[in-house]
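The values are calculated or read from the model by the stated rules, or taken from the named source; none is laboratory data. Note that this is a predicted model, so its numbers are computed, not measured. Counting neighbours? That spans all protein chains shown, and the Cβs are built from the backbone with ideal geometry, glycine included.
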Amino acid sequence: MSRNINFKHRVAVVGAGMTLFRRRLLETPQELAWLAAKQALEEAGLALKDIDCVVIGSAPDAFDGVHMKGEYLADGAGGWHKPVVRVYVGGATGVFTPIAGWWHVASGLCRKALVVAEEKMSHAAKPHPQYVFRYIWDPIVEKPLNPNLIWIFAMEMHRYMYKCGVKKEDIALVSVKNKRNACGHPSAQLCDPNITVDDVLKSEVLVWPVQRLDVSPVSDGAAALVLADEAEARRITDTPVWIKGIGFTLDTTHWTNRDLAYPEYVRRAAEMAYRMAGIDNPRKQIDVAEPYDPFDYKELHHMEGLGLAKKCEAPILTREGVTQRDGDLPINPSGGLLGVGNPIAAAGLMKVAEIFWQLRGEAGARQVKKPVYTGLAQAWGDLMQAGTVIVLGI
Amino acid sequence: MTKPVNPRGTPIKEAEAVGIEFPVVGKARYNYTTGEALGVFLAGLKQGRILGTVCKRCGRVFVPPRMYCSYCFRPVDGWVEARDEGVVVTAVASYIEATRARAEKARVVGVIKLEVPGYKFDDHFFPGIMHYICVDDEAVKSMGIFGMRVRARWRPVEQRVGSITDIECFEPAGP
């Protein structure tokens with residue numbers, strides 16, 4: 001039974017929209033935000049005048065190369081002469097944005113909120129968008145070692161492989177599944193219907209054990225949702241999708257002091273969301289999930305943190321086909337970040353949109369085989385720190 | 001019908017991009033303060049010592065040091081000296097630079113769990129730092145590096161400046 005009783009209003013998702021995800025798009029960040037926001041409004045059958053509040057999500061300002069990115073994006077996101085806020089928790093931002101939208105509506109502050117996430121990584125052109133990430137490291141004890149962002153992922157992946165006895169072949173299966181799934185997604189950047197484990201294992205070695213096809217790409221893109229309280233939602237649509245639970249936590253930046261094999265930051269966020277949604281056995285009660293997959297091992301890691309698999313069990317479920325679109329627990333049917341692309345905040349929000357479309361039976365070529373009633377999206381960010389989880393249901 | 005229907009956006013190639021190029025912040029540089037705890041830590045490195053702080057309420061030892069215990073949310077109780085020796089808890093071999101350019105040669109980097117006389121640590125919270133490890137990348141690929149005992153290779157005293165790079169790397173310490 002749901003224990004979501006302390007909030008003034010139930011909140012529903014009533015519309016979603018997104019742009020293409022590509023390595024480089026012509027549109028400015030404001031234009032991308034507008035394209036996604038407009039599509040979400042149209043899907044909900046609403047106009048901007050119907051919106052009470054706007055919530056914007058975007059990752060480091062340094063990607064788009066515009067400071068005060070929230071204020072800059074507000075114009076394209078429909079956020080002028082209205083309460084507007086921009087939220088940011090690194091990669092976890094995309095799922096945090098609808099969480100912030102949820103509290104705007106659940107509290108009664110706004111009846112209808114527009115939630116917009118955007119990222120334009122291609123602007124950080126020289127020498128490479130990866131270079132921007134050097135500013136996440138500790139300036140005193142880490143940055144003098146001249147780190148590349150991928151180091152920390154490779155360290156987490158390798159520790160996970162060591163602790164759980166996982167082989168790279170097993171992890172590569174995630175990349176293969178997601179890049180194939182992406183072929184059903186009209187926005188996808190990296191659909192590859194013929195990719196094999198061998199392709200992943202033969203791709204350029206970046207930071208062992210991470211190879212190029214283990215990693216999501218650099219992308220531009222935007223995504224948007226429309227949220228509404230119960231009375232408004234019932235007026236707007238016959239098929240609202242309810243936000244049943246939300247959870248978000250942060251660990252400290254001192255990542256060299258803790259074991260990287262298990263994502264505690266995800267577990268705590270998931271427990272918060274499950275408690276609110278009345279979920280006590282996620283493996284049975286979640287029908288479809290979109291865990292965050294900027295790297296292939298991260299999907300496995302996050303499934304375990306979310307309680308969708310036991311510790312070290314996710315690679316086994318993957319090998320057995322349980323996580324395929326026609327499997328018992330479809331994972332990342334959208335194609336995820338590995339397939340659809342990774343415009344950071346927009347990619348997280350794309351996952352929430354995917355669960356919305358899956359639960360409404362509107363995912364078309366991507367629709368999972370089993371009937372689905374409850375779904376989950378999760379994102380992660382920063383120095384192995386931030387966990388954000390949202391549970392949707394019909 | 002497959003949602004999203006007709007998502008928009010205009011893909012372009014880098015060569016086609018007519019853009020405005022602008023340097024990040026010209027020649028501006030950050031000048032980070034070391035803070036209280038890390039200031040002492042860096043001064044210790046100059047003397048060839050790895051210092052940490054300890055919270056006597058929860059027993060945690062912090063390396064790199066913090067001036068407060070984040071867990072008990074109170075000031076730490078003082079300083080301890082870690083050995084410049086420990087075990088590798090995770091390590092990777094980097095073939096790229098921070099800029100994403102290919103590196104000339106592989107660089108091994110990892111997290112070293114340091115020993116502190118009089119204290120024992122489990123896998124969940126331990127004094128640990130990221131640093132280079134002077135081993136062949138094959139030791140990473142074979143996973144033989146996990147649990148390897150390593151010791152700091154210090155720069156000569158006259159070359160030390162009070163930086164994490166006063167340690168050149170950690171190298172195998174033998175059994």
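Figures for the structure shown
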quantity: Answer from A:Arg235, A:Arg268 - the residue that is modelled with pLDDT of 95 or more and over 16 Å from A:Leu306 (Cα atoms); calculated: A:Arg235
quantity: Scope region B:136-157; condition surrounded by 13 or more Cβ atoms within 10 Å (Cβ to Cβ) and touching a residue at least 60 places away in the same chain (Cβ under 8 Å); matching residues; calculated: B:Met148, B:Arg149, B:Val150, B:Arg151, B:Ala152, B:Trp154
quantity: Residue identified as away from chain B (no Cβ under 14 Å), aliphatic (A, V, I, L, M) and surrounded by fewer than 21 Cβ atoms within 10 Å (Cβ to Cβ) among A:Met303, A:Met272; calculated: A:Met272
quantity: Residues that are more than 20 Å from the chain's Cα centre (by Cα) and either modelled with pLDDT under 95 or of a type in the set (Lys, Arg) (or both), drawn from region B:72-105; calculated: B:Arg74, B:Ala101, B:Arg102, B:Glu104
quantity: Residue that is farthest from A:Pro139 (Cα to Cα) [pool: residues in region B:27-40 that are loosely packed, with under 10 Cβ neighbours inside 10 Å and either among the acidic types (Asp, Glu) or within 12 Å of chain A (Cβ to nearest Cβ) (or both)]; calculated: B:Arg29
quantity: In region A:249-265, residue surrounded by the fewest Cβ atoms within 10 Å (Cβ to Cβ) [restricted to those that are out of contact with any Asp or Glu (no Cβ under 6 Å at 6 or more places or on another chain) and among the acidic types (Asp, Glu)]; calculated: A:Glu264
quantity: Selected residue [modelled with pLDDT of 95 or more and closer than 30 Å to A:Leu26 by Cβ] from A:Pro209, A:Pro193; calculated: A:Pro193
quantity: Verdict on B:Val63 being at the interface with chain A (Cβ under 9 Å from one of its Cβ atoms), surrounded by 15 or more Cβ atoms within 10 Å (Cβ to Cβ), β-branched (Val, Ile, Thr) and under 20 Å from the mean Cα position of the chain (by Cα); calculated: yes
quantity: Scan of region B:93-129 for residues that are among the aliphatic types (A, V, I, L, M), part of a loop (DSSP other than H, G, I, E, B) and crowded, with 21+ Cβ neighbours inside 10 Å, ordered by number; calculated: B:Ala98
quantity: Residues within region A:10-28 that are closer than 18 Å to A:Leu349 by Cα, within 11 Å of another protein chain (Cβ to nearest Cβ) and not basic (Lys, Arg), tallied; calculated: 7
quantity: Test: residue in region B:140-149 that is closer than 17 Å to B:Ala82 by Cβ and either charged (D, E, K, R) or more than 9 Å from chain A (Cβ to nearest Cβ) (or both); calculated: yes
quantity: Check on A:Ala47, more than 14 Å from every other protein chain (Cβ to nearest Cβ), of a type in the set (A, V, I, L, M) and free of Cβ contacts under 8 Å to residues at least 24 places away in the same chain; calculated: yes
quantity: Answer from B:Ala103, B:Ala43 - the residue that is within 13 Å of chain A (Cβ to nearest Cβ), among the hydrophobic types (A, V, I, L, M, F, W, C), over 26 Å from A:Leu250 (Cα atoms) and touching a residue at least 60 places away in the same chain (Cβ under 8 Å); calculated: B:Ala43
quantity: Any chance A:Ala117 is in contact (Cβ under 8 Å) with a residue 24 or more places away in the chain and closer than 23 Å to A:Gly387 by Cα; calculated: yes
quantity: Residue list for region A:353-366, restricted to those being within 9 Å of chain B (Cβ to nearest Cβ) and more than 19 Å from A:Leu20 (Cα to Cα); calculated: A:Arg360
quantity: A:Val288 vs. criteria within 22 Å of A:Lys179 (Cα to Cα) and within 14 Å of another protein chain (Cβ to nearest Cβ); calculated: no
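Rundown of residues vs (1) crowded, with 23+ Cβ neighbours inside 10 Å; (2) polar (S, T, N, Q); (3) more than 8 Å from chain B (Cβ to nearest Cβ), yes/no style:
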| position | (1), (2), (3) |
| --- | --- |
| A:Glu119 | yes, no, yes |
| A:Ile136 | no, no, yes |
| A:Pro139 | no, no, no |
| A:Pro144 | no, no, no |
| A:Asn148 | yes, yes, no |
| A:Ile152 | yes, no, yes |
| A:Val176 | no, no, yes |
| A:Gly184 | no, no, no |
